[in-house]
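Asker: This structure is in C-alpha coordinates; I'll ask about it shortly.
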Amino acid sequence: MSINKRLLMTLTAVMLMLTGCTDQHIIERAGFVRTLAYDLSGEGENTKLRVTASIPKSNHEDAIVYSSLAESGKKAKMIFDRQNNRRLVNGQLRQVVFGERLARRGVWSNMDTLTRDPSIGSRLHIIVAESDPHHILIRNDYPQGPTAGEYIDTLIRTEAKAGEIPDTSLYTFTRDYYDDGIDPVATILKEEKDSLSIDGIALFKNDQYVGKIDADDRMFFALLHHGVRAGDLNVGIQTDRNAEEQATLEYLSSKRRIKVLSTRDILEGRPIQVALRIRLSGSLLEYIGALDMKKRTDQRKLEAELEKTINRKCQKLIDHMQEKKSDPMGIGQYVRNSIPHSVWKQLKWEEVFSKADISVHVDVKIRDYGKMLH
(Lines give C-alpha, C1' and ligand atoms only; values in the text may rest on other atoms or scores of the structure.)
Protein backbone atom coordinates (compact mmCIF):
# COMPACT_ATOMS: atom_id res chain seq x y z
CA MET A 1 0.00 0.00 0.00
CA SER A 2 1.40 3.39 -0.95
CA ILE A 3 2.20 6.11 1.59
CA ASN A 4 -0.49 8.37 0.12
CA LYS A 5 -3.18 5.71 0.55
CA ARG A 6 -2.10 5.02 4.12
CA LEU A 7 -2.16 8.74 4.89
CA LEU A 8 -5.63 9.08 3.37
CA MET A 9 -6.96 6.16 5.41
CA THR A 10 -5.44 7.56 8.60
CA LEU A 11 -6.98 11.00 8.01
CA THR A 12 -10.38 9.41 7.27
CA ALA A 13 -10.29 7.40 10.53
CA VAL A 14 -9.33 10.51 12.51
CA MET A 15 -12.20 12.48 10.94
CA LEU A 16 -14.69 9.71 11.80
CA MET A 17 -13.46 9.64 15.40
CA LEU A 18 -13.78 13.41 15.66
CA THR A 19 -17.28 13.27 14.18
CA GLY A 20 -18.31 10.67 16.76
CA CYS A 21 -16.91 12.79 19.58
CA THR A 22 -18.79 15.82 18.27
CA ASP A 23 -22.10 13.91 18.16
CA GLN A 24 -21.53 12.58 21.66
CA HIS A 25 -20.76 16.05 22.87
CA ILE A 26 -24.04 17.36 21.41
CA ILE A 27 -26.10 14.56 22.98
CA GLU A 28 -24.53 15.11 26.37
CA ARG A 29 -25.46 18.78 26.23
CA ALA A 30 -29.08 18.14 25.15
CA GLY A 31 -32.05 17.95 27.49
CA PHE A 32 -34.74 15.70 26.00
CA VAL A 33 -38.22 16.90 26.97
CA ARG A 34 -40.47 13.92 27.71
CA THR A 35 -43.71 15.68 28.70
CA LEU A 36 -45.18 19.14 28.09
CA ALA A 37 -48.14 20.54 29.99
CA TYR A 38 -50.20 23.61 29.10
CA ASP A 39 -52.64 25.24 31.47
CA LEU A 40 -54.11 28.62 32.37
CA SER A 41 -53.01 30.58 35.41
CA GLY A 42 -55.00 33.45 36.86
CA GLU A 43 -58.50 34.70 36.19
CA GLY A 44 -60.13 37.12 33.75
CA GLU A 45 -57.79 39.56 32.02
CA ASN A 46 -54.88 38.33 34.14
CA THR A 47 -55.08 34.82 32.69
CA LYS A 48 -51.74 33.63 31.36
CA LEU A 49 -50.44 30.46 29.78
CA ARG A 50 -48.50 28.24 32.16
CA VAL A 51 -46.13 25.82 30.46
CA THR A 52 -44.44 22.95 32.32
CA ALA A 53 -41.73 20.70 30.89
CA SER A 54 -40.50 17.40 32.34
CA ILE A 55 -36.98 16.26 31.38
CA PRO A 56 -35.74 12.84 32.57
CA LYS A 57 -32.26 12.72 34.06
CA SER A 58 -29.67 10.35 32.65
CA ASN A 59 -30.34 7.80 35.41
CA HIS A 60 -33.99 7.54 34.20
CA GLU A 61 -35.08 7.53 37.86
CA ASP A 62 -35.61 11.26 38.29
CA ALA A 63 -36.78 14.19 36.22
CA ILE A 64 -36.10 17.92 36.10
CA VAL A 65 -39.29 19.97 35.88
CA TYR A 66 -39.41 23.55 34.63
CA SER A 67 -42.46 25.79 34.70
CA SER A 68 -43.06 29.32 33.51
CA LEU A 69 -45.78 31.81 32.62
CA ALA A 70 -45.40 32.91 29.01
CA GLU A 71 -47.32 34.16 25.99
CA SER A 72 -46.63 30.93 24.04
CA GLY A 73 -45.00 27.54 24.30
CA LYS A 74 -41.96 28.65 22.29
CA LYS A 75 -41.46 31.66 24.55
CA ALA A 76 -41.56 29.35 27.57
CA LYS A 77 -38.95 27.09 25.95
CA MET A 78 -36.62 30.08 25.59
CA ILE A 79 -37.05 30.80 29.29
CA PHE A 80 -36.29 27.16 30.13
CA ASP A 81 -33.14 27.29 28.00
CA ARG A 82 -31.88 30.20 30.09
CA GLN A 83 -32.46 28.19 33.28
CA ASN A 84 -30.87 24.96 32.06
CA ASN A 85 -27.26 24.05 31.32
CA ARG A 86 -28.44 21.93 28.39
CA ARG A 87 -30.13 22.80 25.14
CA LEU A 88 -33.73 21.55 25.34
CA VAL A 89 -34.94 19.49 22.38
CA ASN A 90 -38.34 17.91 21.62
CA GLY A 91 -37.20 14.82 19.73
CA GLN A 92 -38.22 12.51 22.62
CA LEU A 93 -41.52 14.23 23.44
CA ARG A 94 -44.07 11.54 24.33
CA GLN A 95 -47.15 13.37 25.62
CA VAL A 96 -48.74 16.80 25.79
CA VAL A 97 -51.15 17.42 28.67
CA PHE A 98 -53.73 20.22 28.50
CA GLY A 99 -55.44 21.52 31.61
CA GLU A 100 -59.22 21.38 31.54
CA ARG A 101 -59.70 25.17 31.58
CA LEU A 102 -57.42 25.65 28.60
CA ALA A 103 -58.97 22.70 26.73
CA ARG A 104 -62.45 24.22 27.08
CA ARG A 105 -61.17 27.48 25.54
CA GLY A 106 -59.45 25.69 22.68
CA VAL A 107 -56.13 23.90 22.17
CA TRP A 108 -55.33 24.49 18.53
CA SER A 109 -53.02 27.51 18.95
CA ASN A 110 -50.69 25.26 20.94
CA MET A 111 -51.33 22.17 18.80
CA ASP A 112 -50.46 24.12 15.68
CA THR A 113 -47.04 24.91 17.16
CA LEU A 114 -46.44 21.21 17.80
CA THR A 115 -47.41 20.17 14.27
CA ARG A 116 -45.03 22.76 12.77
CA ASP A 117 -42.02 21.51 14.71
CA PRO A 118 -40.25 18.89 12.52
CA SER A 119 -38.45 17.41 15.53
CA ILE A 120 -41.72 16.31 17.16
CA GLY A 121 -43.09 12.91 16.20
CA SER A 122 -46.73 12.54 15.21
CA ARG A 123 -47.39 9.66 17.63
CA LEU A 124 -47.15 11.62 20.88
CA HIS A 125 -50.24 11.39 23.09
CA ILE A 126 -52.74 14.23 23.47
CA ILE A 127 -54.20 14.29 26.98
CA VAL A 128 -56.68 16.41 28.93
CA ALA A 129 -56.05 16.56 32.68
CA GLU A 130 -58.91 17.04 35.12
CA SER A 131 -56.31 17.71 37.79
CA ASP A 132 -53.59 20.38 37.76
CA PRO A 133 -51.16 19.17 35.04
CA HIS A 134 -48.28 21.04 36.67
CA HIS A 135 -48.80 19.12 39.92
CA ILE A 136 -49.01 15.82 38.02
CA LEU A 137 -45.53 16.39 36.57
CA ILE A 138 -43.76 17.65 39.69
CA ARG A 139 -44.81 14.63 41.78
CA ASN A 140 -42.08 12.03 42.20
CA ASP A 141 -43.83 9.53 44.47
CA TYR A 142 -45.69 7.40 41.93
CA PRO A 143 -45.03 3.75 42.84
CA GLN A 144 -45.93 2.66 39.29
CA GLY A 145 -43.04 4.44 37.56
CA PRO A 146 -39.83 6.36 38.19
CA THR A 147 -41.07 9.57 36.51
CA ALA A 148 -44.52 10.96 35.72
CA GLY A 149 -43.74 11.06 31.99
CA GLU A 150 -42.76 7.39 31.79
CA TYR A 151 -45.74 6.39 33.92
CA ILE A 152 -48.20 8.29 31.71
CA ASP A 153 -46.65 6.93 28.53
CA THR A 154 -46.94 3.30 29.69
CA LEU A 155 -50.48 3.82 31.02
CA ILE A 156 -51.79 5.30 27.76
CA ARG A 157 -50.08 2.78 25.48
CA THR A 158 -51.35 -0.20 27.47
CA GLU A 159 -54.97 0.96 27.28
CA ALA A 160 -54.75 1.96 23.60
CA LYS A 161 -53.18 -1.38 22.61
CA ALA A 162 -56.25 -3.24 23.82
CA GLY A 163 -58.52 -0.80 22.02
CA GLU A 164 -60.17 0.37 25.23
CA ILE A 165 -59.33 3.99 24.42
CA PRO A 166 -58.87 5.62 21.00
CA ASP A 167 -55.46 6.33 19.53
CA THR A 168 -55.32 9.94 20.73
CA SER A 169 -52.06 10.89 19.05
CA LEU A 170 -50.98 14.19 17.54
CA TYR A 171 -51.51 12.64 14.12
CA THR A 172 -55.09 11.43 14.73
CA PHE A 173 -56.11 14.62 16.53
CA THR A 174 -54.77 16.82 13.72
CA ARG A 175 -56.29 14.59 11.03
CA ASP A 176 -59.75 14.69 12.62
CA TYR A 177 -59.49 18.41 13.40
CA TYR A 178 -58.99 19.25 9.72
CA ASP A 179 -61.66 16.78 8.53
CA ASP A 180 -65.06 18.48 8.52
CA GLY A 181 -66.85 15.12 8.87
CA ILE A 182 -65.46 14.03 12.24
CA ASP A 183 -64.40 15.58 15.55
CA PRO A 184 -61.22 14.68 17.49
CA VAL A 185 -61.04 13.09 20.93
CA ALA A 186 -58.40 12.89 23.66
CA THR A 187 -57.72 10.78 26.73
CA ILE A 188 -58.69 12.23 30.12
CA LEU A 189 -56.17 11.80 32.91
CA LYS A 190 -57.02 12.07 36.59
CA GLU A 191 -54.64 12.40 39.51
CA GLU A 192 -55.39 10.25 42.54
CA LYS A 193 -53.71 9.86 45.91
CA ASP A 194 -51.19 7.20 44.91
CA SER A 195 -51.60 6.98 41.16
CA LEU A 196 -52.89 8.36 37.90
CA SER A 197 -55.91 6.89 36.15
CA ILE A 198 -57.65 7.19 32.80
CA ASP A 199 -60.92 8.87 33.67
CA GLY A 200 -62.66 8.81 30.31
CA ILE A 201 -62.62 10.25 26.82
CA ALA A 202 -62.70 13.99 26.07
CA LEU A 203 -65.14 15.02 23.32
CA PHE A 204 -64.16 17.98 21.17
CA LYS A 205 -66.10 20.29 18.88
CA ASN A 206 -63.42 21.64 16.56
CA ASP A 207 -60.61 22.27 19.09
CA GLN A 208 -62.73 22.89 22.19
CA TYR A 209 -63.34 20.33 24.92
CA VAL A 210 -67.13 20.16 25.20
CA GLY A 211 -68.03 16.87 26.85
CA LYS A 212 -66.87 13.66 28.48
CA ILE A 213 -67.37 9.94 28.12
CA ASP A 214 -67.04 8.43 31.60
CA ALA A 215 -64.35 5.83 32.22
CA ASP A 216 -66.96 3.11 32.90
CA ASP A 217 -68.41 3.72 29.42
CA ARG A 218 -65.14 3.82 27.49
CA MET A 219 -65.57 0.28 26.08
CA PHE A 220 -69.06 1.10 24.82
CA PHE A 221 -67.61 4.22 23.21
CA ALA A 222 -64.88 2.07 21.65
CA LEU A 223 -67.55 -0.06 19.98
CA LEU A 224 -69.03 3.08 18.42
CA HIS A 225 -65.78 4.84 17.59
CA HIS A 226 -63.20 2.38 16.32
CA GLY A 227 -63.93 -1.20 17.25
CA VAL A 228 -62.10 -3.37 19.78
CA ARG A 229 -59.30 -5.85 19.18
CA ALA A 230 -58.78 -7.62 22.51
CA GLY A 231 -60.53 -5.82 25.34
CA ASP A 232 -62.77 -6.76 28.25
CA LEU A 233 -66.36 -5.62 28.64
CA ASN A 234 -68.36 -5.81 31.87
CA VAL A 235 -72.12 -5.45 31.43
CA GLY A 236 -74.74 -4.95 34.12
CA ILE A 237 -77.86 -6.59 32.69
CA GLN A 238 -81.31 -5.33 33.63
CA THR A 239 -83.72 -8.26 33.44
CA ASP A 240 -87.23 -9.17 34.56
CA ARG A 241 -85.65 -11.46 37.16
CA ASN A 242 -85.05 -10.44 40.77
CA ALA A 243 -81.76 -8.47 40.63
CA GLU A 244 -79.31 -6.94 38.18
CA GLU A 245 -77.02 -9.56 36.71
CA GLN A 246 -73.36 -9.21 35.69
CA ALA A 247 -71.57 -10.62 32.67
CA THR A 248 -67.98 -10.08 31.58
CA LEU A 249 -66.83 -10.74 28.03
CA GLU A 250 -63.06 -11.14 27.67
CA TYR A 251 -60.88 -11.30 24.55
CA LEU A 252 -63.53 -9.09 22.98
CA SER A 253 -63.36 -8.17 19.30
CA SER A 254 -65.81 -6.00 17.39
CA LYS A 255 -66.52 -4.42 14.04
CA ARG A 256 -68.85 -1.58 13.17
CA ARG A 257 -70.63 -0.62 9.97
CA ILE A 258 -72.30 2.73 9.31
CA LYS A 259 -74.98 3.10 6.67
CA VAL A 260 -76.75 6.32 5.68
CA LEU A 261 -80.40 5.37 5.10
CA SER A 262 -81.87 8.72 4.09
CA THR A 263 -80.70 12.27 3.39
CA ARG A 264 -83.96 13.39 1.80
CA ASP A 265 -84.72 17.11 2.19
CA ILE A 266 -81.55 17.59 4.25
CA LEU A 267 -81.27 21.24 3.22
CA GLU A 268 -84.86 21.85 4.39
CA GLY A 269 -83.97 20.63 7.88
CA ARG A 270 -85.42 17.13 7.71
CA PRO A 271 -83.44 14.78 10.01
CA ILE A 272 -81.18 12.32 8.26
CA GLN A 273 -81.43 8.62 9.07
CA VAL A 274 -78.33 6.59 9.90
CA ALA A 275 -77.95 2.98 11.04
CA LEU A 276 -74.91 1.87 12.99
CA ARG A 277 -74.42 -1.90 13.19
CA ILE A 278 -72.01 -3.47 15.66
CA ARG A 279 -70.93 -7.11 15.59
CA LEU A 280 -68.98 -8.30 18.61
CA SER A 281 -67.78 -11.58 20.00
CA GLY A 282 -65.99 -12.65 23.14
CA SER A 283 -65.50 -15.32 25.77
CA LEU A 284 -67.85 -15.36 28.75
CA LEU A 285 -65.54 -15.95 31.70
CA GLU A 286 -67.80 -14.43 34.36
CA TYR A 287 -71.55 -14.53 34.76
CA ILE A 288 -73.47 -13.72 37.93
CA GLY A 289 -77.15 -14.43 37.45
CA ALA A 290 -80.01 -16.91 37.38
CA LEU A 291 -79.44 -18.45 33.93
CA ASP A 292 -77.74 -21.83 33.55
CA MET A 293 -74.84 -21.50 31.12
CA LYS A 294 -74.79 -25.25 30.57
CA LYS A 295 -78.14 -24.98 28.75
CA ARG A 296 -78.16 -23.90 25.13
CA THR A 297 -81.47 -22.07 25.49
CA ASP A 298 -80.13 -20.00 28.40
CA GLN A 299 -76.98 -19.20 26.43
CA ARG A 300 -79.08 -17.79 23.57
CA LYS A 301 -81.21 -15.88 26.06
CA LEU A 302 -78.10 -14.28 27.60
CA GLU A 303 -76.84 -13.24 24.16
CA ALA A 304 -80.19 -11.54 23.47
CA GLU A 305 -80.12 -9.74 26.83
CA LEU A 306 -76.53 -8.60 26.22
CA GLU A 307 -77.55 -7.25 22.82
CA LYS A 308 -80.41 -5.28 24.36
CA THR A 309 -78.25 -3.87 27.18
CA ILE A 310 -75.29 -2.90 24.98
CA ASN A 311 -77.67 -1.37 22.44
CA ARG A 312 -79.22 0.78 25.17
CA LYS A 313 -75.80 1.87 26.47
CA CYS A 314 -74.57 2.82 23.00
CA GLN A 315 -77.75 4.72 22.20
CA LYS A 316 -77.35 6.71 25.40
CA LEU A 317 -73.79 7.67 24.42
CA ILE A 318 -74.94 8.75 20.96
CA ASP A 319 -77.63 10.94 22.52
CA HIS A 320 -74.95 12.52 24.71
CA MET A 321 -72.67 13.20 21.74
CA GLN A 322 -75.57 14.72 19.79
CA GLU A 323 -76.39 16.94 22.75
CA LYS A 324 -72.76 18.20 22.75
CA LYS A 325 -72.82 18.49 18.92
CA SER A 326 -69.61 16.46 18.76
CA ASP A 327 -69.26 13.74 16.12
CA PRO A 328 -66.22 11.60 16.99
CA MET A 329 -67.78 8.55 15.29
CA GLY A 330 -67.32 10.16 11.87
CA ILE A 331 -70.99 9.98 10.87
CA GLY A 332 -70.37 13.14 8.85
CA GLN A 333 -67.81 11.37 6.66
CA TYR A 334 -70.43 8.84 5.55
CA VAL A 335 -73.07 11.54 4.98
CA ARG A 336 -70.56 13.63 3.02
CA ASN A 337 -69.85 10.68 0.74
CA SER A 338 -73.55 10.04 0.13
CA ILE A 339 -74.59 13.53 -1.03
CA PRO A 340 -73.29 16.01 -3.63
CA HIS A 341 -70.34 18.07 -2.45
CA SER A 342 -72.23 21.30 -3.16
CA VAL A 343 -74.99 20.19 -0.77
CA TRP A 344 -72.47 19.22 1.92
CA LYS A 345 -70.82 22.65 1.79
CA GLN A 346 -74.16 24.30 2.50
CA LEU A 347 -74.74 22.26 5.65
CA LYS A 348 -73.87 23.27 9.17
CA TRP A 349 -72.94 19.72 10.09
CA GLU A 350 -72.94 20.10 13.87
CA GLU A 351 -76.60 21.16 13.73
CA VAL A 352 -77.55 18.38 11.30
CA PHE A 353 -75.74 15.82 13.47
CA SER A 354 -77.46 16.96 16.67
CA LYS A 355 -80.88 16.32 15.10
CA ALA A 356 -80.04 13.15 13.16
CA ASP A 357 -82.00 9.92 13.64
CA ILE A 358 -79.18 7.49 14.50
CA SER A 359 -80.16 3.92 15.37
CA VAL A 360 -77.87 1.24 16.83
CA HIS A 361 -78.12 -2.48 16.12
CA VAL A 362 -75.91 -4.85 18.14
CA ASP A 363 -75.17 -8.50 17.37
CA VAL A 364 -73.47 -10.44 20.20
CA LYS A 365 -71.83 -13.82 19.71
CA ILE A 366 -70.38 -15.65 22.73
CA ARG A 367 -67.56 -17.77 21.37
CA ASP A 368 -67.11 -19.94 24.46
CA TYR A 369 -68.11 -20.11 28.10
CA GLY A 370 -64.83 -21.03 29.74
CA LYS A 371 -64.41 -24.29 31.61
CA MET A 372 -67.78 -25.89 32.24
CA LEU A 373 -68.01 -28.45 35.05
CA HIS A 374 -70.51 -31.26 34.44
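Asker: Give, as ranges by residue number, the residues of the range 317-332 whose backbone N falls under 18 Å from the point 7 Å along Cα→Cβ of residue 270.
Answerer: No residues fall inside that zone.
Asker: Using Cα atoms only, what is the angle between the long axis of helix 148-161 and the major principal axis of the chain, expressed in degrees (0 to 90) to the nearest 10?
Answerer: 40 degrees
Asker: Label residue 75 and residue 62 with points 7 Å out from Cα along Cα→Cβ: what is the distance between them in nm?
Answerer: Going from the residue 75 label point to the residue 62 one covers 3.2 nm.
Asker: Could the peptides 264-273, 32-41 be put in order, highest first, of the mean number of other beta-carbon atoms found within 10 Å of their residues?
Answerer: With the highest mean Cβ count within 10 Å placed first, the list reads 32-41, 264-273.
Asker: Rounded to the nearest whole Å², what accessible area per residue is found for the chain with the 1.4 Å probe?
Answerer: 53 Å²
Asker: Roughly how many Å is it from the Cα centre of the range 72-129 to that of the range 211-228, as a whole number?
Answerer: So the separation of the two Cα centres works out to 27 Å.
Asker: Pairs 74/348; 259/365; 212/345: which are spaced more than 32 Å apart, C-alpha to C-alpha?
Answerer: Violating the 32 Å Cα-Cα cut-off are 74/348.
Asker: Please list 152-159, 165-172 highest first by mean number of surrounding beta-carbon atoms within 10 Å per residue.
Answerer: Highest to lowest by the protection proxy: 165-172, 152-159.
Asker: Compute the helix-to-body angle for 296-324: its Cα long axis versus the longest principal axis of the chain, expressed 0 to 90° and rounded to tens.
Answerer: Between helix and principal axis, roughly 60 degrees.
Asker: Along the positive direction of the dipole of the chain (beta-carbon charges: Lys, Arg +1; Asp, Glu -1; about the Cα centre), which of 79, 38, 124 reaches farthest?
Answerer: 124
Asker: Quote the charge dipole size of the chain about the Cα centre in Debye, to the nearest 20; the model charges only the Cβ of Lys and Arg (+1) and of Asp and Glu (-1).
Answerer: 1280 debye
Asker: If I stretch the segment between residue 363 and residue 312 completely, what's the gain in nm (0.36 nm per residue apart, minus their alpha carbon distance), one decimal?
Answerer: Gain on extension, residue 363 to residue 312, equals 17.1 nm.
Asker: How would the range 61-131 be classified by its alpha-carbon gyration tensor: rounded, prolate or oblate, with rounded meaning a/c under 1.5 and the a/b versus b/c comparison settling the rest?
Answerer: Rounded.
Asker: Modelled label-to-label distance, residue 277 and residue 319, 7 Å Cα→beta-carbon offset: nm?
Answerer: The modelled label-to-label distance comes out at 2.5 nm.
Asker: Could you please state how large a percent of the accessible area of the chain is carbon and sulfur, counting protein chains only and using a 1.4 Å probe?
Answerer: 49 percent
Asker: Ok, one more. Run the numbers for residue 303 and residue 238: contour at 0.36 nm per residue of separation, minus the present Cα-Cα distance, in nm.
Answerer: 22.1 nm
Asker: What is the packing order of peptides 338-349, 105-116, taking the mean over residues of other C-beta atoms within 10 Å and listing the highest first?
Answerer: 105-116, 338-349
Asker: Which one, 271, 185, 220, is farthest towards the positive end of the dipole of the range 156-305 when Lys and Arg carry +1 and Asp and Glu -1 on their Cβ?
Answerer: With unit charges placed on the Cβ atoms, the residue in question is 271.
Asker: A follow-up question, please. Considering the dipole of the chain built from charges on the beta carbon (Lys and Arg +1, Asp and Glu -1) around the Cα centre, which of 143, 346, 55 is farthest to its positive end?
Answerer: The residue sitting farthest along the positive end of the dipole is 346.
Asker: OK, next. Using just the helices of the chain, give the 222 nm mean residue ellipticity in deg cm²/dmol: DSSP H runs with n ≥ 4 each add -39,500 (n - 2.57), and the total is spread over all residues, rounded to 500.
Answerer: The helix-only estimate for the chain comes to -11500 deg cm²/dmol at 222 nm.
The values are calculated or read from the model by the stated rules, or taken from the named source; none is laboratory data. Since the model is a prediction, treat every value here as computed from it, not as a measurement. In this analysis, Cβ positions are derived from the backbone assuming ideal geometry, glycine residues included, and neighbour counts consider all displayed protein chains. For accessibility, only protein heavy atoms count, side chains too; no ligands or nucleic acids. Shrake-Rupley method; radii C 1.70, N 1.55, O 1.52, S 1.80 Å.
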